[in-house]
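Report on the following structure.
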Ligand SMILES: Nc1ncnc2c1ncn2[C@@H]1O[C@H](COP(=O)(O)OP(=O)(O)OP(=O)(O)O)[C@@H](O)[C@H]1O
């Protein structure tokens, strides 16, 4: 009989993700994550990286920067298979294919010139497509959404658009992501991004209002 799978990221004592702040319940962990990752998010955008092109090293750096106070494995790709906590939902890309999956997704972005030089309608459509590609890989055991929101915010700013995540709920983002992943239907992601993109001058610093309320951190 196959032995039961034991998730090495879970502390067998508490039953939740092993974590550096010492949280012992999911609620405690969510609160600690919110505070610690929120502070790191502000730090990231007070001195943003000059270049962002969606490669795996960059995602790992962003994940490490954001989650270093919470998880010992911050910045490391997952070694287990994961799916959304919905019964019957598909697993994300197998962990052994993560490098290949991000390399492919990044190649797609390069073919689209990192979303540069596009009018708003085209920009939003292509962003939805690429967002779904990265979503499907889910490189990390936890924190993919926040890492990805930081990445897209940086990349889109360089392409001439800011994203106002304050106007998105977690539920809308999850539902739109699920529709794209399961049915190849990008309409809800397109609607979401259409509502939150704003043209910007890439040579100007980030608009502080878009970052300060912590919506990049917790939707
Ligand atoms: N069913 C789904 N299929 C594909 N992607 C999904 C699905 N549901 C949610 N997502 C995406 O996965 C992200 C969440 O991944 P994960 O839980 O690893 O990240 P997080 O940073 O911990 O959470 P959050 O994004 O909620 O703050 C969401 O932001 C969304 O983009």
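Laboratory data are not the source of any read-out in this text; all were calculated from the coordinates shown. Values in this document were obtained by computation on a predicted structure and should not be read as measured data. Cβ sites come from the backbone with ideal geometry, for glycine too, and all protein chains shown count toward neighbours.
Here are the numbers:
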| read-out | value |
| --- | --- |
| Prolate/oblate/rounded call for the range 1-118, Cα gyration tensor, a/c under 1.5 rounded | oblate |
| Residues in the range 71-85 reached by a label modelled at residue 5 [backbone nitrogen below 16 Å; 7 Å Cα→Cβ] | 78-85 |
| Choice from 53, 162, 11 with maximal GNM fluctuation in the chain (Cα, 10 Å cutoff) | 11 |
| Residue with peak Gaussian network fluctuation, the chain [Cα springs, cutoff 10 Å], from 118, 151, 41 | 118 |
| Hypothetical label at residue 51: residues of the range 101-131 whose amide nitrogen lies under 14 Å (7 Å Cα-Cβ projection) | 110, 114 |
| The range 95-188 shape via C-alpha gyration tensor axes, a/c threshold 1.5 | rounded |
| Residue 90-residue 121 FRET efficiency (beta carbon distance; Förster radius 22 Å; 0.05 resolution) | 0.15 |
| Three-way shape call for the range 161-219 based on the alpha-carbon gyration tensor, with the a/c threshold at 1.5 | oblate |
| Cα extents of the range 26-217 along the three principal axes, largest first (Å) | 39, 36, 29 |
| Distance (nanometres) between label positions extended 7 Å along Cα→Cβ at residue 99 and residue 175 | 4.0 nm |
